[in-house]
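The values are calculated or read from the model by the stated rules, or taken from the named source; none is laboratory data. Keep in mind it's a predicted model, so treat the numbers as computed, not measured. Virtual Cβ from ideal backbone geometry, glycine too; neighbours counted across all protein chains shown. In case anyone asks, the SASA skips ligands and DNA or RNA and just uses the protein heavy atoms, side chains included. Shrake-Rupley method; radii C 1.70, N 1.55, O 1.52, S 1.80 Å.
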Amino acid sequence: MLDKLAMEQRKLSRKKKGSSNWNKQRIQVAKIGEKVANQRKNFLHHKSKELVTNYDAVVIEDLDMKGMSQALKFGK
């Protein structure tokens with residue numbers, strides 16, 4: 001879908017800004033962009049639901065990567 005979005009955006013860039021063909025192409029690009037956004041949102045929703053159903057607890061760790069790289073024990 002991203003390939004199609006890139007192709008349609010290239011078509012849009014070749015049209016004269018403000019023309020009726022440019023407006024039609026702009027709407028087509030917007031529809032494809034919305035579809036991509038919905039696919040990403042759907043994937044995240046399914047993945048989070050899968051994690052919640054399979055595990056009892058979900059823990060997020062916030063690591064200080066800059067501090068860790070400056071310490072002697074850890075490499076960059």
Query raised in the report: How much area per residue is accessible in the chain when the probe is 1.4 Å and only protein heavy atoms are counted (Å²)?
Result: 94
Report task. Please state the charge dipole magnitude for segment 1-58, taken about the Cα centre, from unit charges on C-beta atoms (+1 on K and R, -1 on D and E), reported in debye and rounded to the nearest 20. Result -> 680
Query raised in the report: Remind me, what semi-axes does the chain give for its equivalent ellipsoid, largest first in whole Å, using sqrt of 5 times each Cα gyration tensor eigenvalue?
Result: 42, 22, 9
Requested in this report: Leaving ligands, DNA and RNA out of it, report the carbon-plus-sulfur percent of the accessible area of segment 17-76 at a 1.4 Å probe.
Outcome: 56
Report task. Go ahead and estimate [θ] at 222 nm for the chain from helices alone: -39,500 (n - 2.57) per DSSP H run with n ≥ 4, summed, over the residue count, rounded to 500. Result -> -23500 deg cm²/dmol
Query raised in the report: Against the longest principal axis of the chain, how steep is helix 20-54, in degrees 0 to 90 to the nearest 10, with axes from Cα atoms?
Result: 20
Query raised in the report: So how many Lys-Lys pairs in the chain land under 12 Å Cα to Cα, not counting same-chain pairs under 8 apart?
Result: 6
